[in-house]
Amino acid sequence: MLPTRRLGNQGLEVPAMGLGCMGMSYAYGPSDDTESVRVLERALALGCNFFDTAEVYGPFANERLLGRVLKGRRDQAIIATKFGFRFENGTVTGADSRPEHIREVVDASLARLGTDYIDLLYQHRVDPNVPIEDVAGTVGELVKAGKVRYFGLSEASERTIRRAHAVHPVSALQSEYSLWHRDIEASILPCLRELGVGLVPFAPLGRGFLTGTARRAEEFPEGDSRRTSDPRLQGENFEANVRLAKTLAGHAAQIGVTPAQLALAWLLSRGDDIVPIPGTRRVNRLEENLGAASLHIDAAMGAALDTHFFAGTTTGARYKATAMMALLADPA
């Protein structure tokens, strides 16, 4: 079983590693619910019961999948889900964190998940048209009503985190963080530690890039978001980043582990307030990832990794510059 860690100062205890469920229903091509159920079942058996989902994954399909798997055993899981988008015909058309919309989304998520409470509710992206104080206050009301246990933010700036936390305690921030992307170390991570907020890194394996199975964007099938949305996988960016991935693989070989395990163990070594959520659709990958929880990174290995991986070493932007990607920037 996995050791546990605490996210924030409000009492949220979770396994040291969670499971990102997005790819089971969204972004990475056709889904296979049968195999996804196997992964979720195996995760429960191994104590990896911190499941990360969102209304936008599908949309809505991923919450329904999780609800089916957890039917009759809700108490065995810790569910995190997210709000913050407006949809038309199943497509995201903008941000929407109006208080009335948050309440509607939570009720709909509860129904899809087949539960009467959400353990951790994140604002998926900051809405420039709604003061974060209104968002935090609304989630605080849902906490008092028993529909939500803990409040989280995703991809928020330091200023937004502080403003939200002043209204209702933020237990966790979800942001991209890995050997491949360390930008949050400059100001976000110190802010979280000052306030007592946990960090849940998404894409801790660089969307698969750090696993040693790097592929060019054009090699991904139609329907896989990595084919078009990630400049780091394209052209000369890809060539430069492959060199980084090979460096990681070399270090991993030295100590007899996989690149994915070393990348995740590095994240876990950054502090006991950090809980990565690698995603997978395969049982063998799940088991491989969870093996990182028992791997110790000594000072020499940490220093070796820091020599090659630091903020700014990855080549290319995280996301393609489109109108929809503008939603990923916190304007605060």
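The values are calculated or read from the model by the stated rules, or taken from the named source; none is laboratory data. Please read these numbers as outputs of a predicted model, since none were measured by experiment. FYI the Cβ positions are ideal-geometry reconstructions off the backbone, even for glycines, and counts take in every protein chain you see.
If the requirement is being among the hydroxyl-bearing types (Ser, Thr, Tyr), within 15 Å of the chain's Cα centre (by Cα), within 25 Å of ASP306 (Cβ to Cβ) and at pLDDT 95 or above, which of these qualifies: SER154, SER175?
Just a single option satisfies the conditions, and that option is SER175.
Quick check: anything in the stretch 270-285 surrounded by fewer than 17 Cβ atoms within 10 Å (Cβ to Cβ), modelled with pLDDT of 95 or more and not in a loop (DSSP other than H, G, I, E, B)?
yes
Count, please, the residues in the stretch 250-268 that happen to be of a type outside the set (A, V, I, L, M), part of a helix (DSSP H, G or I) and surrounded by fewer than 17 Cβ atoms within 10 Å (Cβ to Cβ).
2
Taking the conditions exactly as written (farther than 21 Å from VAL126 by Cα, of a type outside the set (Asp, Glu) and without any contact (Cβ under 8 Å) to a residue 12 or more places away in the chain), does GLY23 satisfy them or not?
no
Counting only residues that are outside any loop (DSSP other than H, G, I, E, B), under 16 Å from LEU205 (Cβ atoms) and in contact (Cβ under 8 Å) with a residue 12 or more places away in the chain, how many does the stretch 219-249 have?
Final tally of qualifying residues: 12.
What pairs come out if I take residues in the stretch 135-146 that are farther than 11 Å from VAL170 by Cβ and pair them with residues that are assigned to a loop (DSSP other than H, G, I, E, B) and among the aromatic types (Phe, Trp, Tyr) whose C-beta lies under 9 Å away, six or more apart or interchain?
Between residues of the stretch 135-146 that are farther than 11 Å from VAL170 by Cβ and residues that are assigned to a loop (DSSP other than H, G, I, E, B) and among the aromatic types (Phe, Trp, Tyr), the close pairs are GLY146/TYR117.
Would you point out which residue out of ALA303, ALA292 is out of contact with any helix residue (DSSP H, G or I) (no Cβ under 6 Å at 6 or more places or on another chain) and aliphatic (A, V, I, L, M)?
After ruling out the rest, the residue left standing is ALA303.
Of THR81, THR93, which residue is among the hydroxyl-bearing types (Ser, Thr, Tyr), buried (at least 17 other Cβ atoms within 10 Å of the Cβ) and either over 19 Å from VAL139 (Cβ atoms) or touching a residue at least 40 places away in the same chain (Cβ under 8 Å) (or both)?
From the options THR81, THR93, the qualifying one is THR81.
Within the stretch 283-297, does at least one residue satisfy the condition of being touching an Asp or Glu at 6+ places or on another chain (Cβ under 9 Å) and either among the aliphatic types (A, V, I, L, M) or farther than 30 Å from THR93 by Cβ (or both)?
yes
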